[in-house]
1. Farther than 24 Å from A149 by Cα, within 16 Å of the chain's Cα centre (by Cα) and either among the polar types (S, T, N, Q) or not assigned by TED's automatic domain parsing to the domain that holds S305 (or both), is that true of T212?
2. Going through I298, I288 one at a time, which residue ends up being over 26 Å from D144 (Cα atoms), free of Cβ contacts under 8 Å to residues at least 40 places away in the same chain, surrounded by 12 or more Cβ atoms within 10 Å (Cβ to Cβ) and β-branched (V, I, T)?
3. Looking only at segment 68-97, which residues are touching an Asp or Glu at 6+ places or on another chain (Cβ under 8 Å) and closer than 18 Å to R306 by Cβ?
4. Looking at the structure I just gave you, is N221 of a type in the set (S, T, N, Q), out of contact with any helix residue (DSSP H, G or I) (no Cβ under 9 Å at 6 or more places or on another chain) and buried (at least 20 other Cβ atoms within 10 Å of the Cβ)?
5. In this structure, does V56 turn out to be of a type outside the set (S, T, Y), farther than 30 Å from A314 by Cα and surrounded by 14 or more Cβ atoms within 10 Å (Cβ to Cβ)?
6. Quick check on my filter: what residues within segment 173-188 are touching a Gly at 6+ places or on another chain (Cβ under 8 Å) and surrounded by 20 or more Cβ atoms within 10 Å (Cβ to Cβ)?
7. For segment 67-101: of the residues being part of a strand (DSSP E or B) and touching a helix residue (DSSP H, G or I) at 6+ places or on another chain (Cβ under 8 Å), which is surrounded by the most Cβ atoms within 10 Å (Cβ to Cβ)?
Amino acid sequence: MTCRRKLTTIVVLVAAIAGGIAFLLVRRSHSVTLQGAVIAEDTDLRKQSPIPDVEVTAGDGMGVGVFKSDPVGMFRVRFRRGVRRGDQVKLRFTHPEYQPVELEETITDRLFVVRMPPVRRPQQAKPAAPEIVVGNVHVRYALDTVTEAVVGGGVKTFQVVNTGNVPCNGQQPCSPGGKWKAAIGSAFLDAGEGNEFRNARVSCIAGPCPFTRIETDGFSNGGPLIKVSVRNWSDTTTFLMEAEVIHRERSNTIQRAFPVILGEAMNFTLPSAAQGPSLEAEINGVPIVFPLDDNPFISWVNCESREGKDHSRAYRCELRPGYRFQNSE
């Protein structure tokens, strides 16, 4: 071997070693991220609603700050440089209306689902007065309709049953990246002869909503029959499908939506074009109208809302102490 060839070989080896070291240094310098969803703990899967504004902190200074869950309960924890997958981390989740949760987890790319128990209200030996009954609850709002009349409403809840963090192994359906086992659920609504659906919307109301997506959209354009299918690659989720039923022969600007009531909470969504919404109910048999804005204060219920990607607004309302829904135990 000539001297020039030996020198060339040495240069190539040195360059390869230097490149490998640089690759390892760059890899270690990149921060890793842990992601998941925070939902309410409940034996009824339909009541495992997403929890927004949960503060998430990583122990021992491993995180780069305090993180909060978004309107659909999704959170991301970004770790400081030097923290790698496989390291152990202590995570703390806090929210004023839920009991704090502390977990010790291994940093991986799996999807974390954190269930937070609600803060238990202190039980009274005997109420000072009988509970106030809330009945005939509906939402009234206006839309700029001219020649069409709303003659009813369609509403349906459906679940996409799945178990999270199960490898897909190429057995379809899978998560968008092909890593996790997924499930696809669907639902449809029939408006009836001579009628059509308008302002149809679909929203996730319980379960790890960030790990779902609309697979086929057969509802946005309305029509006599609307349908939707949803892909879910984590634990079981619950969806709410709603729309107004219209008839072309009549005109009416006033529309109504009927909440889905589960236990002490109710869920409903309003289309982006909804104007002057109000919550109407009979309180101990007396009809009362309550204005419903983005941050409403209502004496008998506590409501929170979030805006969807299509600018529709999803509401979740929970009864205040001393009230109960009609026909509830």
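The values are calculated or read from the model by the stated rules, or taken from the named source; none is laboratory data. The shown structure was predicted, so the numbers you read here are calculated from the model rather than taken from an experiment. Cβ atoms come from the backbone with ideal geometry, glycine included; neighbour counts cover every protein chain shown.
1. So T212 fits the description; yes.
2. It is I298.
3. K68, S69, P71, H95
4. Against the criterion (of a type in the set (S, T, N, Q), out of contact with any helix residue (DSSP H, G or I) (no Cβ under 9 Å at 6 or more places or on another chain) and buried (at least 20 other Cβ atoms within 10 Å of the Cβ)), N221 does not qualify.
5. The answer is no for V56.
6. W180
7. L91
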